[in-house]
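Reviewing the structure listed below.
The values are calculated or read from the model by the stated rules, or taken from the named source; none is laboratory data. Computed from a predicted structure; not experimentally measured. Cβ placement follows ideal geometry from the backbone for every residue including glycine, while neighbour counts extend to all protein chains displayed. The area values use the complete protein model at the heavy-atom level, side chains included, leaving out ligands, DNA and RNA. Shrake-Rupley method; radii C 1.70, N 1.55, O 1.52, S 1.80 Å.
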Amino acid sequence: IEKGFALSGGDFLLTGATSTGYFRLGETEFIFDGGEGLQNQFVFRIGPDGAVRWKKPLAAMGKSETGKKSAPSESFSQDIYGDAILWKEDVLYMAGTYQSPSFVVADKPLPVTYKEQFYVASIDPEDGREYWGYGFSSDFVQLHGFDVDRTGHVHLMGSSSDQQDYNGNLQITGPAARLIFHLGIDYRGRL
């Protein structure tokens, strides 16, 4: 479990990730076939009595930080592999990496144009319905920041390679270098 969000009616939203392909807490269970060693996120809503209201797996098959660390300096990373933000109890935004070519959010396949990808999913906290998904692809991607402003717009900061694909709609190629980006997506999922 990465984050828990208390809702005004007494329910909780719990978000998390697993790199084993399996997660279970009480009556909540997620199974990601072929997910061992890869990151898959999930979210579920429970009532004050622990009863599950709904649950949603996000089978992204994204990169995961696994393996043994040899030195303390190596154990700290500024990369974000997955995160979640609840905005005014109206929208749950989840961000993470994905590699699955069949990863779908809100009935839309997200692009797998280059070697690495990350996504943002907009989810209704009331019933788990997906509003929209947004994918970003490059040969190298590191996320360093994920935030939402007071109007519900999502902001992502990070670095990538010289080639970038923005949700399959816009491709940019820059000089052969590592590029820094600040990506803004409005509350409707538009760049």
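Where in segment 3-70 are the strands (runs of 3 or more DSSP E), entirely inside, with at least 3 residues that are of a type in the set (S, T, N, Q)?
39-46
For Ala121, indicate whether it is among the small types (Gly, Ala, Ser) and at positive phi.
No, not satisfied.
Tell me, which residue of segment 124-134 that is open to solvent by less than 20 Å² (accessible area, probe 1.4 Å) and touching a Ser or Thr at 6+ places or on another chain (Cβ under 9 Å) is farthest from Ile46 (Cα to Cα)?
The selected residue is Tyr134.
Of all residues in segment 147-168, which are within 18 Å of Val112 (Cβ to Cβ), in a loop (DSSP other than H, G, I, E, B) and of a type in the set (Ser, Thr, Tyr)?
Across segment 147-168, the qualifying residue is only Ser161.
Has segment 116-123 got at least one residue that is open to solvent by 20 Å² or more (accessible area, probe 1.4 Å), free of Cβ contacts under 8 Å to residues at least 60 places away in the same chain and not in a strand (DSSP E or B)?
No, the conditions are met nowhere in segment 116-123.
Please list, ordered by first then second residue, the pairs with beta carbon atoms under 8 Å, 6 or more apart or interchain, first in segment 169-183 and closer than 15 Å to Tyr114 by Cα, second open to solvent by 100 Å² or more (accessible area, probe 1.4 Å) and in a loop (DSSP other than H, G, I, E, B).
Asn169/Leu191; Leu170/Leu191
In segment 112-126, is there at least one residue being among the small types (Gly, Ala, Ser) and farther than 30 Å from Glu89 by Cα?
For segment 112-126, residues among the small types (Gly, Ala, Ser) and farther than 30 Å from Glu89 by Cα: absent.
Take Phe32 and tell me if it is at pLDDT 95 or above and either surrounded by 17 or more Cβ atoms within 10 Å (Cβ to Cβ) or more than 22 Å from Tyr187 (Cβ to Cβ) (or both).
Yes: the conditions hold for Phe32.
Name every residue in segment 138-166 that is in contact with a strand residue (DSSP E or B) (Cβ under 7 Å, 6 or more places away or on another chain), among the charged types (D, E, K, R) and open to solvent by 30 Å² or more (accessible area, probe 1.4 Å), in order of residue number.
Scanning segment 138-166 gives Asp139, Asp147, Asp149, Asp162.
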